[in-house]
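Just below is one structure, and these are the notes that go with it.
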Amino acid sequence: MKILLLGGFLGSGKTSVLLPLAKYMTEHSTYTGTRVAIIENEIGDVSIDGITLRNAGLSVQELFSGCICCTIGTELIEGLKRLEKDANPEWVIIEATGVACPGAVAETIMEFIPEMEEIRTAVLCDAERLHRLLRAITVIAPQQVKDAQVLLLNKIDLVDEERLVQTEQILREFNTEAPIYRICAKEGIDDAVLAAIIGG
């Protein structure tokens with residue numbers, strides 16, 4: 001079982017990426033069992049994203065009233081073990097709450113499930129708001145960028161080329177290694193980018 005942690009601050013477009021990504025993973029797999037399972041983490045008690053995902057025909061397990069990197073880490077681990085036992089999916093996509101740090105989540109998983117086949121981390125960055133977020137949220141937002149193996153610069157339709165270049169330079173200040181992909185999730189995501197997210 002492999003895990004993809006999908007991080008990014010609130011409003012960065014995680015669900016808009018999750019839908020085509022799950023579809024791509026399902027269609028481009030030779031795995032004979034359950035191909036993709038989704039765990040969604042919400043701070044509140046009602047999950048609009050979970051409803052959206054179910055309406056798209058995806059199976060979703062939800063974790064409420066806390067952040068997976070702190071208050072409900074135990075619930076996450078139990079949920080993953082249960083998923084592995086009951087469905088043994090090829091991939092589990094964890095859509096983290098906007099205030100989660102993917103690196104902390106990955107460390108928790110590896111501590112309690114060291115036999116996990118692979119954990120990948122993709123972080124969405126809002127091209128229009130990233131500058132303000134990094135100034136206002138001085139711990140969490142930069143840490144999310146640092147934790148990423150893949151950075152997805154979303155909503156590129158809302159800014160000009162100069163702003164995009166500046167934003168990429170800012171991302172490089174926090175993460176020098178992760179590839180950066182420019183996307184506009186609402187207009188569709190190229191298969192090559194979807195493949196890169198999962199290491200293909």
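The values are calculated or read from the model by the stated rules, or taken from the named source; none is laboratory data. Just so we're clear, the structure is a prediction, and the values are computed from it rather than from any experiment. All Cβ positions, glycine included, derive from the backbone under ideal geometry; neighbour counts span all protein chains shown. Ligands, DNA and RNA are excluded from the accessible area calculation, which covers all protein heavy atoms including side chains. Shrake-Rupley method; radii C 1.70, N 1.55, O 1.52, S 1.80 Å.
Taking R0 as 35 Å, what's the FRET efficiency between Glu84 and Asp160 from their Cβ-Cβ distance, rounded to 0.05?
Details: r = 46 Å, r/R0 = 1.31.
My answer for the efficiency is 0.15.
Using only the Cα atoms, what convex hull volume per residue in Å³ does the stretch 73-164 have?
With only Cα atoms used, the stretch 73-164 gives 113 Å³ per residue.
Just to confirm my numbers, what's the Cα centroid distance between the stretch 3-43 and the stretch 166-200 in Å?
Here the two parts' Cα centres lie 16 Å apart.
Output the pairs from Lys2/Lys186; Lys23/Lys85; Lys85/Lys155; Lys85/Lys146 with a Cα-Cα distance over 29 Å in this structure; if there are none, say none.
Lys85/Lys155; Lys85/Lys146
If you roll a 1.4 angstrom probe over the protein chains with everything in place, what fraction of the accessible area of the stretch 89-180 belongs to carbon and sulfur, to the nearest %?
Using a 1.4 Å probe with all protein chains present, the stretch 89-180 comes out at 49 percent carbon and sulfur.
What is the distance, in nm, between label points placed 7 Å from the Cα along the Cα-to-Cβ direction at Glu177 and at Thr30?
Result: 3.0 nm between the two label points.
Would you list, by chain and number, the aspartates and glutamates whose Cα falls below 14 Å from the Cα of Lys81, excluding same-chain residues fewer than 8 positions away?
Reachable aspartates and glutamates: Glu90, Glu111, Glu115, Glu117.
What is the spin-label model distance, in nm, from Glu187 to Glu118 if the labels are put 7 Å beyond Cα along the C-beta direction?
3.0
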